[in-house]
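Right, one structure below, let's go through it.
The values are calculated or read from the model by the stated rules, or taken from the named source; none is laboratory data. What you see is a predicted model, and the numbers here were worked out from it, not measured in a lab. In this analysis, Cβ positions are derived from the backbone assuming ideal geometry, glycine residues included, and neighbour counts consider all displayed protein chains.
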Amino acid sequence: MLYRKYRPKNFDSVVGQDHIKKTLLGSLLSGHLGHAYLFTGPRGTGKTTVARIFAKCLNCANRGKDGNPCDKCDSCLSIDQNRSMDLIEIDAASNRGIDEIRNLKESAMVSAPSGKYKIFIIDEVHMLTKDAFNALLKILEEPPAHIVFILATTESHKILPTVLSRVQRFDFKRLSDKEIVSKLKLIAKAEDIKIDQGGLETIANAADGAMRDAEVFMEKLRSSMAKNQSVDEETVAELLELVPNKYLTEFLQCMIDKRNTDALAIVGKIYESGIDLDNFLKNLIEYMRNSLMSIISNELGAMAVDPKLLVKFIKIFSDARSELKNFPIPTLAVEMAILSQME
């Protein structure tokens, strides 16, 4: 799988999350390390990857002057090869009970085989039961000096406040389309996947800020392509059942120009091509929202349109999306949203 093959091995190769990388590297260089961290944010944004890199840094025998791991010592290699006895990864979704946490506590009392840190990464930590959380809290209150906990979650609001008060929190952000495209270009070149800029942007848009999802899309695309085939935006959208970016820009421009007939034609073309209308509206709303933010921020190249009009469109098509299942004709909710703007 591409997302495993191109999983970052040091902080420099992690896409985005600069605010988190800077803080963690600073703590490594200064020696001011915590015993418990919380990595929270949307799925596919690098929480577990950064946790593993941080674990490598903690036990690396030849850490660089910048704080990055050497990726050559036995400790680094053992983590990369998933054979490290110093790193214990737990999926709380399937190990959520108090017995599992009690076993973790017993393991935490034993020193790391390397004599350095023993690191516990608990993924989807919000899935723990209340009793399990209370048991974890007892460990966090009086942790052994050789222990570091890294808790990862997509839903930090489900974690007990008493646990939150004992961890250093890091909020991971969704990656921008530009950041995702940059990484996908490197993968495409290395894997000899012939894809144009529009195709990469279509994948990035569909990934919704998750690098892992984008890499999974690339894997699926590679499996669907014929040998030596070159793909453009439309082919990528067809093979992956995604919404081409050009449909979003064309549709929005039609709405701005009050070309209702052309907007209806685009909806018909989208439906006939087999693209899911709910997915189209989701992408359209996100596209309009991003355009709105660009205008408000006075970004170079932002659309020359009244932001109030975009707010109006976002409301109209959000309502249409919520009503999709209530109409006997699939396209009718979208068509009515378009025609509601007729003067």
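Just a few scattered comments:
- Any chance residue 304 is surrounded by 14 or more Cβ atoms within 10 Å (Cβ to Cβ) and either more than 30 Å from the chain's Cα centre (by Cα) or small (Gly, Ala, Ser) (or both): no
- Scan of segment 186-237 for residues that are among the polar types (S, T, N, Q), free of Cβ contacts under 8 Å to residues at least 24 places away in the same chain and either out of contact with any helix residue (DSSP H, G or I) (no Cβ under 7 Å at 6 or more places or on another chain) or on the phi > 0 side of the Ramachandran plot (or both), ordered by number: 197, 223
- Any hit, segment 286-298, residues being under 20 Å from residue 238 (Cα atoms), surrounded by 13 or more Cβ atoms within 10 Å (Cβ to Cβ) and either at pLDDT below 90 or assigned by TED's automatic domain parsing to the domain that holds residue 203 (or both): yes
- Set 320, 237: member being surrounded by 14 or more Cβ atoms within 10 Å (Cβ to Cβ) and either within 25 Å of residue 175 (Cα to Cα) or in the same structural domain as residue 196 (by TED's automatic domain parsing) (or both): 237
- Among the residues of segment 177-204, those identified as surrounded by fewer than 22 Cβ atoms within 10 Å (Cβ to Cβ) and either among the polar types (S, T, N, Q) or in contact with a Cys (Cβ under 6 Å, 6 or more places away or on another chain) (or both) are 182, 197.
- Residue in segment 244-258 that is in contact (Cβ under 8 Å) with a residue 24 or more places away in the chain, under 22 Å from residue 42 (Cα atoms) and surrounded by fewer than 21 Cβ atoms within 10 Å (Cβ to Cβ) present: no
- Exactly one residue among 205, 260, 228, 245 is in contact with a strand residue (DSSP E or B) (Cβ under 8 Å, 6 or more places away or on another chain) and of a type outside the set (Phe, Trp, Tyr), and that residue is 228.
- Condition met for residue 122 (in contact with a strand residue (DSSP E or B) (Cβ under 7 Å, 6 or more places away or on another chain) and buried (at least 20 other Cβ atoms within 10 Å of the Cβ)): yes
- Those helices (runs of 4 or more DSSP H) lying entirely in segment 209-285 with at least 2 residues within 20 Å of the chain's Cα centre (by Cα): 211-224
- Considering segment 164-198, the residues that are within 16 Å of residue 211 (Cβ to Cβ) and basic (Lys, Arg) include one that is farthest from the chain's Cα centre (by Cα), namely 185.
- Segment 129-163, residues that are within 22 Å of the chain's Cα centre (by Cα) and part of a loop (DSSP other than H, G, I, E, B): 154, 155, 159
- On inspection, residue 75 qualifies as more than 24 Å from the chain's Cα centre (by Cα) and outside any loop (DSSP other than H, G, I, E, B).
- Scanning segment 164-175 for residues that are in a helix (DSSP H, G or I), of a type outside the set (Ser, Thr, Tyr) and under 30 Å from residue 134 (Cα atoms) turns up at least one hit.
- Some residue of segment 28-37 being touching a residue at least 60 places away in the same chain (Cβ under 8 Å), of a type in the set (A, V, I, L, M), closer than 22 Å to residue 125 by Cβ and assigned by TED's automatic domain parsing to the domain that holds residue 78: yes
- Looking across 4, 83, 43, 63, one residue alone is within 23 Å of residue 219 (Cα to Cα) and in a loop (DSSP other than H, G, I, E, B). It is 43.
- Members of segment 62-92 that are loosely packed, with under 11 Cβ neighbours inside 10 Å and within 17 Å of residue 7 (Cβ to Cβ): 81, 82, 83
For every residue, the table says whether it meets (1) in a helix (DSSP H, G or I); (2) touching a Pro at 6+ places or on another chain (Cβ under 8 Å); (3) of a type outside the set (Val, Ile, Thr); (4) without any contact (Cβ under 8 Å) to a residue 60 or more places away in the chain.
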{"residue": "295", "(1), (2), (3), (4)": "yes, yes, no, yes"}
{"residue": "299", "(1), (2), (3), (4)": "no, no, yes, yes"}
{"residue": "303", "(1), (2), (3), (4)": "no, no, yes, yes"}
{"residue": "319", "(1), (2), (3), (4)": "yes, no, yes, yes"}
